[in-house]
Amino acid sequence: MTDAHCHAAKPGITNFVCEPFASRNGGAGEGDAVFFGFHPWHLENFDATALKARLAANPAAGVGEIGLDRLRDKTICAAMREAFDAQLAIAAELRRPVVLHGAKCWGEVVRACRPYAGPGGIPSFLFHGFSRSAGLIPEIKAMNGFVGVGPALLNDHAVNYRRMVGNLPGDMLLAESDTCEPGATPGTEEVAGAIAGLRGWTIQETIALLDGNARRFLRGAAAT
Ligand SMILES: [Zn+2]
């Protein structure tokens, strides 16, 4: 199946690999998809020109993991906002799918993306690690946004998260591991199993749906 967001490729599955954290390309191989970008925790060498040139040289690559963060610091600094906006502008110009990070500030991430969404702009968004704020879902869906569901779903105590995932439109769901470890087990099949249990679907139909959604995200195709 497809791991819609990770930082290190694993054998036997399709990996959507975002730099940085792992080696260059995260060890992505044939059949995997790669995303280039400057994560909000790693902006010290931010270079929009270099990113754009690298994307232009790799027509199949997406942009990510990019975004805003309130996990490490409560205030979002101007440099973080500017780097995010510059990368969104590049993704819109080159029409590439985007993987988003928005820990504790998803509303602001949606607001920043708004001008770049829609026809002629960024074709699709992956809201990676999205939790809470189910009120944002209609707007995320209208932007052709997908929601990456991770191993947090396996925690029986994550009541609110499980409820949110149980209520999401099925065509927005993706499974992701967010793993940075090259030798890690994927984890996405367990996530698919948990989604299947929540929704009352078989594991086969759940995996088929998740894989189909992942392909639509990558192509920037609109929801069915
Ligand atoms: Zn990540």
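The values are calculated or read from the model by the stated rules, or taken from the named source; none is laboratory data. Quick caveat: nothing in here was measured; it's all calculated off a predicted structure. Note: ideal-geometry Cβ built from the backbone for every residue, glycine included; neighbour counts use all protein chains shown.
List of remarks:
- In the range 143-162, the qualifying residues are those that are without any contact (Cβ under 8 Å) to a residue 24 or more places away in the chain and assigned to a helix (DSSP H, G or I), and the one that is farthest from the chain's Cα centre (by Cα) is Val159.
- Among residues of the range 131-149 being under 24 Å from Pro186 (Cα atoms) and modelled with pLDDT of 95 or more, the one that is farthest from the ligand (Cβ to nearest atom) is Gly145.
- Which numbered condition Pro182 misses (of (1) of a type outside the set (Phe, Trp, Tyr); (2) within 16 Å of the ligand (Cβ to nearest atom); (3) buried (at least 21 other Cβ atoms within 10 Å of the Cβ)): (3)
- Qualifying residue in the range 208-224 (condition: more than 16 Å from the ligand (Cβ to nearest atom), modelled with pLDDT under 95 and assigned to a helix (DSSP H, G or I)): yes
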